[in-house]
Amino acid sequence: MFGIFPLIALSVIAYNAVVFFGGTLFGLDETVSAFDSVVTTLSLVSGDSWNITLGDLFVIVSLILLFIEIVKATHTGTASIINHGLSMAVFIVCLVQFIMLAGFGNTTFFLITCMAFLDVVAGFTVTISTARRDVGFGGGIFEG
């Protein structure tokens, strides 16, 4: 099951949950997006404070999931083909939501959509490269 399910879908599902359940968190004013709310602040050595928002966390987690997806793409087999097809479906859903639905037309969701697209492209590219390397053609040195 792990090999078939596109992990970027987890970010998209979580994003949808936040948007469809009001788009605000922790009693924030309706005019303030939940994705702009500061989750934590880190003090840096330079003396600056880094405010990490919920939108930033979505992007960070999505990048980690994208990395795992690219590593999964190095495996060949039926599960990876199904995964690529489902990844394409996730990208199409993201693209439609970004273009057509309120609450999705922002930089955070655009970056998640870009990661879904990269998942599709990288998945097919890595799989094709891996499959090409694994294919053996006649005329090898061990033929008798």
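The values are calculated or read from the model by the stated rules, or taken from the named source; none is laboratory data. Since the model is a prediction, treat every value here as computed from it, not as a measurement. Positions of Cβ are generated from backbone atoms using ideal geometry, with glycine treated the same way; all protein chains shown enter the neighbour counts.
If you check residue 130 against the conditions, is it in contact (Cβ under 8 Å) with a residue 24 or more places away in the chain and surrounded by fewer than 16 Cβ atoms within 10 Å (Cβ to Cβ)? Criteria met by residue 130. Restricting the range 96-130 to residues that are in a loop (DSSP other than H, G, I, E, B) and among the hydrophobic types (A, V, I, L, M, F, W, C) leaves a set whose member that is farthest from residue 37 (Cα to Cα) is 101. Residues of the range 123-134 include none that is within 30 Å of residue 20 (Cβ to Cβ) and at pLDDT 90 or above.
If you go through the range 50-63 and pick out every residue that is of a type in the set (A, V, I, L, M), more than 12 Å from the chain's Cα centre (by Cα) and either surrounded by fewer than 17 Cβ atoms within 10 Å (Cβ to Cβ) or not in a helix (DSSP H, G or I) (or both), you end up with 2. For first residues located in the range 70-90 and within 16 Å of residue 116 (Cβ to Cβ) and touching a residue at least 12 places away in the same chain (Cβ under 8 Å), partners that are part of a helix (DSSP H, G or I) and among the aromatic types (Phe, Trp, Tyr) and lie 6+ apart or on another chain with Cβ distances below 7 Å form the pairs 84/124.
Restricting to the range 64-88, and then to whatever is small (Gly, Ala, Ser) and more than 14 Å from residue 7 (Cβ to Cβ), can you tell me which residue is surrounded by the fewest Cβ atoms within 10 Å (Cβ to Cβ)? If we take residues in the range 64-88 being small (Gly, Ala, Ser) and more than 14 Å from residue 7 (Cβ to Cβ), then 77 is surrounded by the fewest Cβ atoms within 10 Å (Cβ to Cβ). Within the range 68-86, track down each residue that is closer than 13 Å to residue 122 by Cα and either at pLDDT 95 or above or outside any helix (DSSP H, G or I) (or both). Correct list: 73, 74, 75. Would you check which residues across the range 97-131 are of a type outside the set (A, V, I, L, M, F, W, C) and more than 15 Å from the chain's Cα centre (by Cα) and list them? Those that are of a type outside the set (A, V, I, L, M, F, W, C) and more than 15 Å from the chain's Cα centre (by Cα): 103, 105, 106, 125, 127, 129, 130.
Every residue, every condition in (1) modelled with pLDDT of 90 or more; (2) exposed (fewer than 11 other Cβ atoms within 10 Å of the Cβ); (3) among the polar types (S, T, N, Q); (4) within 18 Å of residue 107 (Cβ to Cβ), yes or no:
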| residue | (1), (2), (3), (4) |
| --- | --- |
| 1 | no, yes, no, no |
| 10 | yes, no, no, no |
| 15 | yes, no, no, yes |
| 21 | no, yes, no, no |
| 26 | no, yes, no, no |
| 32 | no, no, no, yes |
| 36 | no, no, no, yes |
| 39 | yes, no, no, yes |
| 43 | yes, yes, yes, no |
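Residue pairs whose Cβ atoms lie under 7 Å apart, sitting 6 or more positions apart in sequence or on different chains, and linking a residue in the range 38-67 that is farther than 19 Å from residue 13 by Cβ to a partner that is charged (D, E, K, R), are 53/36. Among the residues of this structure, residue 98 does not count as one that is in contact with a helix residue (DSSP H, G or I) (Cβ under 9 Å, 6 or more places away or on another chain), within 18 Å of residue 18 (Cα to Cα), at pLDDT below 95 and among the aromatic types (Phe, Trp, Tyr).
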